[in-house]
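A short worksheet on the structure shown next.
Read-outs: derived from the displayed coordinates by stated rules, not from any lab. This one's a predicted model, so the numbers in the text were calculated from it and none came from an experiment. Here the Cβ is made from the backbone with ideal geometry for all residues, glycine too, and neighbour counts use every protein chain on show.
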Amino acid sequence: MSTQQRIGILIGPKGRGSNMRAILEACRDGRLRADAVVITPVMGTPAVEWASDHGCPVLCVPPSENYATELLNALSGCTLVCLAGYLRLLPMQVIDAFPHAVLNIHPALLPKFGGKGMYGMHVHVAVIAARETESGCTVHYVTERYDEGAIVLQARCPVLPDDSPETLASRVLELEHKTYVAAIQRHWDNEATDVS
Ligand code: GRF
């Protein structure tokens with residue numbers, strides 16, 4: 001890989017930032033040959049503190065009239081955008097500026113259990129209510145619609161008979177961290193072999 005990759009990680013105001021952390025740790029220990037910048041709508045959260053304490057630049061872009069332009073400025077120099085607990089629809093200008101280069105992770109096996117309102121614990125409640133025996137996570141490209149872009153990578157885990165939404169969520173979250181890092185690498189591998 002010759003290009004210097006830079007990942008722009010977009011987090012939400014209330015996110016734990018555990019996927020952000022997994023990506024930053026992979027950048028730090030060399031599993032991903034990239035550096036990163038974290039973009040947050042609000043400073044002072046535990047996720048932001050963790051990123052700053054570990055030497056990662058953090059930029060604050062709160063929602064505003066010029067949100068799309070300000071996000072694009074913050075993402076300047078990035079080669080890939082990763083949504084990690086970012087619940088808004090990304091402005092079209094940003095999606096257009098990063099064709100096939102915006103990823104999101106969803107805590108279920110898309111195309112099932114996705115779409116508007118399907119986030120956080122709602123997803124795991126729905127998976128258990130549907131009596132699924134398997135769940136997992138999906139990394140996909142971001143489009144103008146929730147959870148509909150092409151899938152880069154999925155990973156599976158069992159849904160156990162006595163699972164609560166919380167126990168299932170924690171099993172899926174553990175899987176998410178490895179899967180997000182692997183999906184980023186797969187995205188770059190695909191880019192490198194794409195001759196179209
Ligand atoms: C994860 O469950 C992810 O699948 C979803 O939002 C959650 C973010 O968690 N998109 P964290 O902030 O990365 O811990």
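Here are the numbers:
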| read-out | value |
| --- | --- |
| Search result, residues across the range 141-188 that are more than 18 Å from the chain's Cα centre (by Cα) and more than 25 Å from Gly117 (Cβ to Cβ) | Pro158, Leu160, Pro161, Asp162 |
| Count of residues meeting criterion [closer than 20 Å to Val102 by Cα, away from the ligand (no atom under 15 Å from the Cβ) and either under 15 Å from the mean Cα position of the chain (by Cα) or surrounded by 14 or more Cβ atoms within 10 Å (Cβ to Cβ) (or both)] in the range 9-53 | 6 |
| Pair list, Cβ under 7 Å, 6 or more apart: the range 1-25 residue closer than 23 Å to Glu70 by Cα, other residue near the ligand (Cβ under 8 Å from one of its atoms) and among the aromatic types (Phe, Trp, Tyr) | Leu10/Tyr86; Ile11/Tyr86; Gly12/Tyr86 |
| Residue within the range 158-169 that is within 12 Å of the ligand (Cβ to nearest atom), out of contact with any Cys (no Cβ under 7 Å at 6 or more places or on another chain) and in contact (Cβ under 8 Å) with a residue 60 or more places away in the chain present | yes |
| The range 68-117, subset within 15 Å of the ligand (Cβ to nearest atom) and among the β-branched types (Val, Ile, Thr), residue farthest from Asp35 (Cα to Cα) | Ile105 |
| Evaluation of Gly120 against (1) within 11 Å of the ligand (Cβ to nearest atom); (2) in contact with a helix residue (DSSP H, G or I) (Cβ under 6 Å, 6 or more places away or on another chain) (one fails), failing number | (2) |
